Amino acid sequence: MEFYELHPDNPQLRYLNKAVDVLKNGGVIIFPTDTFYALGCDLFNKEGIEQLFSIKHESDTKLFSFICSDLKDVATYAKVSDYAYKSMKKLLPGPYTFILPAAKIVPKKLWDKRKTVGIRVPDHAVTSELVKFLGNPIVSTSVSNRKSEPLFDQFEIKNIFNSQVDLMLASDKLSHKPSSVVDLSGEEPLVIREGAGDVSIFI
């Protein structure tokens, strides 16, 4: 595993480019978000998606979210109602996962049985710049141990995933709280999980 420490506000371009190269070539990386560290791959790379499912030992029914660069980007990959758009505009970027109806451009493996996708726009410079440089979303799932407990120590993460992941970007500014999950796919909003993001507007 290649390992690079990035500045949380001004991430070094050369390391971001290395991560983008790995993603485009079907690799899996670890990177920081505004909540946890995440495992990720290119949304449109089948090899990367298969590898991500393998690392997490998940079945095809697992809901992985994916990270977009901004709210405008979200509308390309999901069907966004006027209510959903106005709600997300108030809260993004931030520690939220919004469940929305999937657009057909999203690979079916990520939504076929549910017809919905989980979308994030984290408030973290490393994540934001990484997605922008890649040019499309990154499939994302939290980094955890065998007990499904999130991991935050970068060196512990490196030791556990060293042989499974191609590259890790380490950085600070993680909240150590999960994202709040809000389902906006129906007629009424449904709070699935209260996490780091304030969900009072939906209650």
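Let me confirm something: among 181, 191, which residue is without any contact (Cβ under 8 Å) to a residue 40 or more places away in the chain, part of a strand (DSSP E or B) and of a type outside the set (D, E, K, R)?
None of the other options fit; the residue is 191.
Provide a single number: the residues in the stretch 12-32 that are part of a loop (DSSP other than H, G, I, E, B), at negative phi and surrounded by fewer than 24 Cβ atoms within 10 Å (Cβ to Cβ).
Total satisfying the criteria: 3.
Within the stretch 115-149, restricting attention to residues that are free of Cβ contacts under 8 Å to residues at least 60 places away in the same chain and of a type in the set (A, V, I, L, M), which residue is farthest from residue 183 (Cα to Cα)?
The extreme case among them is 121.
I'd like to check something: does the stretch 153-171 contain any residue that is touching a helix residue (DSSP H, G or I) at 6+ places or on another chain (Cβ under 9 Å) and over 18 Å from residue 1 (Cα atoms)?
Scanning the stretch 153-171 turns up no residue that is touching a helix residue (DSSP H, G or I) at 6+ places or on another chain (Cβ under 9 Å) and over 18 Å from residue 1 (Cα atoms).
Please specify each residue of the stretch 150-174 satisfying the condition of being outside any loop (DSSP other than H, G, I, E, B), in contact (Cβ under 8 Å) with a residue 40 or more places away in the chain and of a type in the set (D, E, K, R).
The one that is outside any loop (DSSP other than H, G, I, E, B), in contact (Cβ under 8 Å) with a residue 40 or more places away in the chain and of a type in the set (D, E, K, R): 158.
Every residue in the stretch 89-124 that is assigned to a helix (DSSP H, G or I), modelled with pLDDT under 95 and aliphatic (A, V, I, L, M), please.
If the condition is that a residue be assigned to a helix (DSSP H, G or I), modelled with pLDDT under 95 and aliphatic (A, V, I, L, M), then 110 is the only one that fits.
When residues of the stretch 3-61 are filtered for being without any contact (Cβ under 8 Å) to a residue 24 or more places away in the chain, farther than 25 Å from residue 105 by Cα and in contact with a strand residue (DSSP E or B) (Cβ under 9 Å, 6 or more places away or on another chain), how many remain?
Of the residues in the stretch 3-61, 2 are without any contact (Cβ under 8 Å) to a residue 24 or more places away in the chain, farther than 25 Å from residue 105 by Cα and in contact with a strand residue (DSSP E or B) (Cβ under 9 Å, 6 or more places away or on another chain).
The values are calculated or read from the model by the stated rules, or taken from the named source; none is laboratory data. Everything numeric here is computed off the predicted structure, so don't read it as measured data. In this analysis, Cβ positions are derived from the backbone assuming ideal geometry, glycine residues included, and neighbour counts consider all displayed protein chains.
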